[in-house]
Protein chains: 2
Amino acid sequence: MIEYNRDAHDIYRQSFAIIRAEAKLDRLPADLEALAVRVIHSCGMPDIVEDLVFSEGAGTAGREALESGAPILCDSRMVAEGITRARLPAENAVICTLQDPSVPELAKQLGNTRTAAALELWRPHLAGSIVVVGNAPTALFRLFEMLDAGAPKPALILGFPVGFVGAAESKEALAADSRGVPFVTVRGRRGGSAMAAAAVNALGRDH
Amino acid sequence: MIEYNRDAHDIYRQSFAIIRAEAKLDRLPADLEALAVRVIHSCGMPDIVEDLVFSEGAGTAGREALESGAPILCDSRMVAEGITRARLPAENAVICTLQDPSVPELAKQLGNTRTAAALELWRPHLAGSIVVVGNAPTALFRLFEMLDAGAPKPALILGFPVGFVGAAESKEALAADSRGVPFVTVRGRRGGSAMAAAAVNALGRDH
């Protein structure tokens with residue numbers, strides 16, 4: 001018999017204890033501590049906390065939006081799959097428009113990626129929503145363009161695109177000017193759908 | 001107008017060029033180079049390549065299995081969502097049994113996590129499959145137990161669980177004794193569903 005921990009509850013408890021012992025959480029406001037813990041848990045890297053950038057009150061804004069039933073707009077199916085439905089306080093809609101059949105043609109018309117084009121279909125849901133970008137920098141850049149052109153404002157932007165072309169730049173742009181929208185992001189190349197989904201899950205309810 | 005790269009094809013091309021310039025790929029066998037590039041692409045960390053551990057011929061074994069129609073057994077829905085179906089050479093089945101209604105009861109019976117229990121439902125598909133673990137160490141440990149008890153062997157194990165309790169240990173155990181099954185894994189706490197899905201995608205076809 002192989003010796004290993006088979007108790008999911010105890011694995012979570014131990015994991016969070018290790019994270020709290022190792023990560024520098026004291027630089028964070030109280031309303032983002034759980035978010036940082038879950039983001040670290042999703043990637044195995046306590047030092048990611050040092051790259052978190054956020055607006056004051058972003059955690060509270062996200063929690064209040066979820067409680068009021070805000071939809072969650074995801075740039076990728078992986079992000080949507082990573083959101084634990086049982087943690088959402090108001091059976092919040094989890095929306096990913098990337099697979100909509102109109103998106104490839106929209107992308108051609110816009111001269112942009114499919115991920116960016118899929119944001120056109122977010123418009124009816126955008127006001128007061130939680131926007132979660134866990135994959136594509138072009139989604140964040142396109143969101144800025146839509147907001148600059150007068151699109152309704154989300155309640156919170158969780159900006160976690162990952163990679164080598166545009167990811168760091170799009171997140172710096174978010175940190176520099178979030179168009180008045182509360183935000184949480186992570187500087188640099190690191191990010192991804194697991195971190196993005198973990199950030200949403202942290203704003204939900206404990207089981 | 002915000003200046004950013006809107007061309008998905010060019011973003012991929014540039015990303016892969018940056019990765020090839022920065023990552024130490026020369027320690028890898030030729031059949032794992034594309035896998036390393038895509039794993040790096042999924043997490044934004046060129047140094048992850050230094051933690052890759054693998055058996056000789058693992059990339060070739062995985063490609064051949066996919067070409068022969070091997071099913072892909074995933075420990076989480078996020079991994080399954082991250083697999084690009086258009087890259088699969090034989091319309092390979094992508095299977096995740098975690099949401100099966102029998103799993104909670106199976107977990108109680110086994111005294112193990114739901115993710116580990118879900119592997120019971122892999123049994124009919126296990127022979128010659130690609131096993132992809134992107135989330136739970138208990139899935140890898142449970143797989144070893146099943147193999148030790150005589151379960152049919154997969155063609156390849158992609159071991160990328162992430163986190164603080166059991167992740168590093170389960171991957172060390174895989175590297176130390178993969179039960180004769182070809183494998184690719186990443187030492188340490190890092191891992192996750194995006195890396196795991198990227199590894200599968202790298203073994204598929206280019207568009």
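The values are calculated or read from the model by the stated rules, or taken from the named source; none is laboratory data. Quick caveat: nothing in here was measured; it's all calculated off a predicted structure. In this analysis, Cβ positions are derived from the backbone assuming ideal geometry, glycine residues included, and neighbour counts consider all displayed protein chains.
Below is a table of values for the structure above.
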read-out	value
Qualifying position, being surrounded by fewer than 18 Cβ atoms within 10 Å (Cβ to Cβ), under 16 Å from the mean Cα position of the chain (by Cα) and without any contact (Cβ under 8 Å) to a residue 24 or more places away in the chain, among B:27, B:13, B:85	B:85
Looking only at region B:124-137, and only at residues there that are surrounded by fewer than 22 Cβ atoms within 10 Å (Cβ to Cβ) and small (Gly, Ala, Ser), the one that is nearest to the other protein chains (Cβ to nearest Cβ)	B:127
Region B:158-207 - residue that is facing another protein chain (nearest Cβ under 7 Å) and β-branched (Val, Ile, Thr) and, of those, nearest to the chain's Cα centre (by Cα)	B:162
Residue within region B:3-21 that is away from every other protein chain (no Cβ under 14 Å), farther than 25 Å from residue A:194 by Cα and assigned to a loop (DSSP other than H, G, I, E, B) present	no
Test set (1) within 14 Å of chain B (Cβ to nearest Cβ); (2) crowded, with 22+ Cβ neighbours inside 10 Å - residue A:72 fails condition number	(1)
Answer residue from region A:77-92, given it is more than 8 Å from chain B (Cβ to nearest Cβ) and not aliphatic (A, V, I, L, M) and is nearest to residue B:84 (Cα to Cα) among those	A:84
Selected residue (criterion: farthest from the other protein chains (Cβ to nearest Cβ)) from residues of region A:22-60 that are within 19 Å of residue B:165 (Cα to Cα) and among the small types (Gly, Ala, Ser)	A:34
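Let's see how each residue does on (1) under 28 Å from residue A:9 (Cα atoms); (2) part of a strand (DSSP E or B); (3) at pLDDT 95 or above:
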position	(1), (2), (3)
B:73	yes, yes, yes
B:78	yes, no, yes
B:86	no, no, yes
B:90	no, no, yes
B:99	yes, no, yes
B:104	yes, no, yes
B:109	yes, no, yes
B:112	yes, no, yes
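Yes/no matrix, rows are residues, columns are (1) surrounded by fewer than 24 Cβ atoms within 10 Å (Cβ to Cβ); (2) touching a Ser or Thr at 6+ places or on another chain (Cβ under 8 Å); (3) modelled with pLDDT under 95:
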residue: A:139; (1), (2), (3): no, yes, no
residue: A:143; (1), (2), (3): no, no, no
residue: A:167; (1), (2), (3): no, no, no
residue: A:175; (1), (2), (3): yes, yes, no
residue: A:186; (1), (2), (3): no, no, no
residue: A:200; (1), (2), (3): no, no, no
residue: A:207; (1), (2), (3): yes, no, yes
